[in-house]
Each structure stands twice: as C-alpha cells, then as structure tokens.
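The values are calculated or read from the model by the stated rules, or taken from the named source; none is laboratory data. Because the structure is predicted, anything quoted here is derived from the model rather than measured. Glycine also receives a Cβ, built like all others from the backbone with ideal geometry; neighbour counts cover every protein chain displayed.
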Amino acid sequence: MDFDNKGLRFSKRKRVAAVCVLAVLALACAGFGTALKRPLSVRRDTFAMGTLVRISVCGRNKAELEAAAAAAEAEISRLEELFSVHIASSEIARINADPEKEGGHTVSAETYGLLKLALKEAEETGGAFDPTIGAVVSLWGVGSERARVPDGAEIQSLLDKTGWAKVRLWQTSNAAKPSETIYRVSAGGGQKLDLGAIAKGCAADGAARVLRGHGVKSALINIGGDLTVLGKSPRGRDWRLGLQLPDGPHGEYFAVLAASDAVIITSGAYERYFERDGVRYHHIFDTKTGRPAKSDLVSVTIVMGRLEAEGNAARCDALATALFVMGFEKARAFLRAHPEVQAVLAAEGGEGLEVFITEGLKNRAELSKGTTLKADAGEKR
Ligand code: ADP
Ligand code: MG
C-alpha cells in the first residue's frame, strides 16, 4: 500500500480502472431501476491508504445507504490510522520507533489480529510476503521524491534486520480487570514493520463488515483497484469486473471476471515504480535480495469468496504480493497446494499477455483480444 501521497502515478491508473468498474456498477443500478421501480445507488469517493477509495452501495433507502457508505468509509480511515507507517501516531509507527522495547508494545485487537494473519501468511508463503520488509521499503523510497538505487552494502545491512520469525505476539490479562485482554507485540531483531501489502485488504474486510452490519446486500468496495463485492449486482447477476492490462492504457482490461460475494485483489510491477538508466525499479521487494522482485509475472490477481471467512481480503492482498514475488512456477505450485485460492497469473508473452487461470475461475473469466491462455491453464489442481 502506498500510504503517502506520492503514489499518484499508480493511483491515477487505478482511479481510471475504478471509474470503469463503477461504470459497470452504474449500468447495473440503472437496470435495477426498471426492475424495482425505485432504484438507488449511493457512491462515496475519498483518498485513503494512499489511493482512491470508492464505496458504491445499491438498495432502496437513500438515507440508509448513505449512512452505510459513510460508516464504511470511516472504518477504512480508522484502520489506516492504526496501520499506516506514514502516520506517526499509528500503532505500527509506534512499534517501528522502538521495535525491541522492553516488555513489548500494547496494541489494539485489530492490529494484533492483522499482525497475526501477516505472520501466518509470511510462513505460508515461505517469506515471499514478509511484513518486516519496512526498512528495505523505506531505503528505496519507491513512489516518493527520495526514490534511489541504494548500494549493495546498504541493502545488506538492512536485510539483516528483516525476518518475520523474530516478531513476537502475545496476550496477557489486565491485573486490575482480568476479563480484559492485553495484546502485545515486539520485533526482537529490530525489524521495521510494513503492512502495505496486506492492510488495504484488511480495510476492505472492515468496510464489508460494516456494510453488512447496515443491512447492505449489494455493494462494491474499491480500494485502489482492489475489489470486494457484496452480494450480486443489483440486477441479480454476477458483477463483471475488469482486470487492468499491465502497462496498457488506463482502464483497458486483459480479462473480465464474473463474481459475486468475492474479493479480487491484484498486485503488479506496473503500479508504482521509478526508472534509472533505463531500468525499472518497482515497489514489490524480494525479501531474499532486498531488491525489487525479478518476477517473470506482470500481475497476479487473487480471488476468493468473500463469505468463506472473515479476513479473506487481507489474505488475498498478502497472497497477491507473495505470488508476484514467487514468480510463475512457484506461484503455480502454491496454488496447487492451496485449492481454496483462485488466481489469474499474467506474464508477458510473445504477442501480448499470457495468462494462467485456476480451474475454479475458468468459467468466470472472459479474456480480451490479445490475451491468450497458457497452454496448461486448464490443468486440474
Ligand atoms: P499495492 O499496494 O500497489 O496494491 P501490494 O499489495 O503488492 O501493492 O503491496 C506493495 C507494498 O507492500 C509495497 O509498497 C511495500 O510497502 C510492501 N511490500 C513490498 N514488498 C513486500 C513483500 N515482499 N512482503 C510484504 N510487503 C511488501
Ligand atoms: Mg498485497
């Protein structure tokens, strides 16, 4: 995630994608009108987590929809204030200021829960996703005015300070109030946390929970192009959601997915980067080298059913980043071992994009002209 305001390059791209996706929604709502006489759709746009956030809700009661969308937006801001490394008062920034603090830091249940999931995903992906990449991310400064290519020694000295295995999470109870749980965190090796690759997903989970709590049945949450859809589209059909063509014109899709109650999250090297001497340095790092991952993939989209479990969007977010770092072969092996995770892996082919689509998505994906299926795309996992 790009919590600062310097990621406008990719935000702009994603903003256009978002507008196109919402054009789909708008059409759907127009259809809703004829079916139910009083069509209503409410949309809220804001800038949060370093990107455009758009919440669109469809239903019958305008005041209720407005209240629901406002509450979902407030939830995203609340979570950003807990997790952002760019907000000095956030819980993550506080830990980073003194990672090895004696006795650890006390954090909210939300931060504890997200760190717990982040450690689980780090383990599950063999460290391809690693929430302790913070020092490396800040050294390179991709997306900021101080972006630069550091020398090998600088990178090495910070790599020694990454590694999720040294983060400790534990719970105690409040001596004065035994029913109250206290959540604690410490980073034993002085690691700096960065939840940029998982927090937008967590915010989407939070927003979805709030919308459902308000009785919303049909909605689309778009956080910088990462999509969560509630229910079916207002026409009672699957939503049709475009996947941005990497490095293509804004809003041009290489595939459209049909989905309802789902999370669709994409990571790619085209989203945020700088160039020096003709080389592109992007914002997704290989934790083994401390350099932008040399992936043979250009984008990874992870898809899961939203209702299968709370926390799905956060997991999808972490996995999109991790599978990008892994590259095609390792990502495929991961997908074989995790049949609950559906994905679209896109690589540069000779003439356009080549995509691998997991079995569960095969009937839901429509490829655009110029996109071809990889030969083994239909293999059973
Ligand atoms: P985006 O924020 O563009 O949607 P990602 O979800 O892939 O993209 O998150 C990228 C962000 O995550 C980076 O800006 C950085 O803060 C952090 N990050 C980069 N590489 C890793 C990694 N290997 N593991 C965990 N976090 C990472
Ligand atoms: Mg991610």
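Of note:
- Condition met for Thr162 (part of a strand (DSSP E or B) and of a type outside the set (Asp, Glu)): no
- Within the stretch 87-111, the residues that satisfy the criterion of being more than 15 Å from Lys166 (Cα to Cα) and either aliphatic (A, V, I, L, M) or not in a loop (DSSP other than H, G, I, E, B) (or both) are Ile87, Ala88, Glu91, Ile92, Ala93, Arg94, Ala97, Thr106, Val107, Ala109, Glu110, Thr111.
- Residues being modelled with pLDDT of 95 or more and away from ligand 2 (no atom under 14 Å from the Cβ) - total across the stretch 289-314: 7
- Residue count for the stretch 173-227 satisfying the condition of being on the phi > 0 side of the Ramachandran plot and more than 16 Å from ligand 1 (Cβ to nearest atom): 2.
- Per-region count, the stretch 167-203, residues more than 16 Å from ligand 2 (Cβ to nearest atom), β-branched (Val, Ile, Thr) and under 11 Å from Leu115 (Cα atoms): 2
Per-residue answers, yes or no, for (1) touching a Phe, Trp or Tyr at 6+ places or on another chain (Cβ under 8 Å); (2) of a type in the set (A, V, I, L, M); (3) not in a helix (DSSP H, G or I):
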site	(1), (2), (3)
Val256	no, yes, yes
Thr289	no, no, yes
Arg315	no, no, no
Leu319	yes, yes, no
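- Residues of the stretch 262-288 that turn out to be over 20 Å from Leu52 (Cα atoms) and either surrounded by fewer than 18 Cβ atoms within 10 Å (Cβ to Cβ) or among the hydroxyl-bearing types (Ser, Thr, Tyr) (or both), as a count: 9
- The set of residues from the stretch 325-335 being surrounded by 13 or more Cβ atoms within 10 Å (Cβ to Cβ) and more than 19 Å from the chain's Cα centre (by Cα) comprises Phe328, Lys330, Arg332.
- Checked against the criteria, Glu154 counts as touching a helix residue (DSSP H, G or I) at 6+ places or on another chain (Cβ under 9 Å) and charged (D, E, K, R).
- For the stretch 164-183, a residue qualifies if it is loosely packed, with under 14 Cβ neighbours inside 10 Å, farther than 30 Å from Ala322 by Cβ and among the hydrophobic types (A, V, I, L, M, F, W, C), and the qualifying residues are Ala175, Ala176.
- Every test in (1) assigned to a loop (DSSP other than H, G, I, E, B); (2) at pLDDT 95 or above is passed by Ile155 save one, and that test is (1).
- Residues in the stretch 298-313 that are outside any loop (DSSP other than H, G, I, E, B), over 17 Å from Gln244 (Cα atoms) and either under 11 Å from the mean Cα position of the chain (by Cα) or among the basic types (Lys, Arg) (or both): Asn312, Ala313.
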